[in-house]
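Chemist: I am attaching a structure below and will ask some questions about it afterwards.
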Amino acid sequence: MSKLHQANGRVGRLRQQFGPDAPEVAAAQTEVRVVRVELAIRDLLTTAPAPTPEQVERLRRLLPPAVTR
């Protein structure tokens, strides 16, 4: 859980530094959401039976295309 705590701490620090509406805060909040999803997926994958290739493909289709910057 330290990764989630770190991400939440970063949001708090950025809020204090830049204010709650700063783009840096919004980006850090997005990272918190990503970390939460990552942790949930890891938990699911470690506790569930291995998915079939078809199931993996269905899960892949749920993800949006990657945005490159």
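Quick note: the coordinates plus some simple rules give every number you see, no bench work behind them. Because the structure is a prediction, the values reported are computed rather than measured. Note that we place each Cβ from the backbone using ideal geometry, even for glycine, and neighbour counts take in every protein chain shown.
Chemist: Rounded to two decimal places and with Rh computed the Kirkwood way over Cα pairs, what is Rg over Rh for segment 2-62?
Modeler: On the way: Rg = 15.8 Å, Rh = 13.4 Å.
Reported Rg/Rh (Cα atoms, Kirkwood Rh): 1.18.
Chemist: Which order, highest average first, do 53-65, 27-39 follow once you tally other Cβ atoms within 10 Å for each residue and take the mean per peptide? Walk me through the numbers on the way to the answer.
Modeler: On the way: 53-65: 8.4, 27-39: 14.0.
So the order, starting with the most tightly packed, is 27-39, 53-65.
Chemist: Okay, next question. Non-local amide H neighbours of A22 (under 5 Å, H modeled in plane, Pro and chain starts lacking H): which ones?
Modeler: none
Chemist: When only C-alpha pairs under 8 Å and at least 6 residues apart count, what is the relative contact order of the chain, in percent?
Modeler: That works out to 26 percent.
Chemist: What FRET efficiency do you get for R69 and A22 if R0 is 22 Å and r is their Cβ-Cβ distance, rounded to the nearest 0.05? Intermediate results must be reported in sequence, preceding the final value.
Modeler: Values: r = 18 Å, r/R0 = 0.82.
Approximately 0.75, to the nearest 0.05.
Chemist: What FRET efficiency do you get for L4 and L62 if R0 is 25 Å and r is their Cβ-Cβ distance, rounded to the nearest 0.05?
Modeler: Details: r = 22 Å, r/R0 = 0.87.
After rounding, the FRET efficiency stands at 0.70.
Chemist: If you fit an axis through the alpha-carbon atoms of helix 2-18 and take the longest principal axis of the Cα set of the chain, what angle between them do you get, 0 to 90°, nearest 10?
Modeler: It works out to around 30 degrees.
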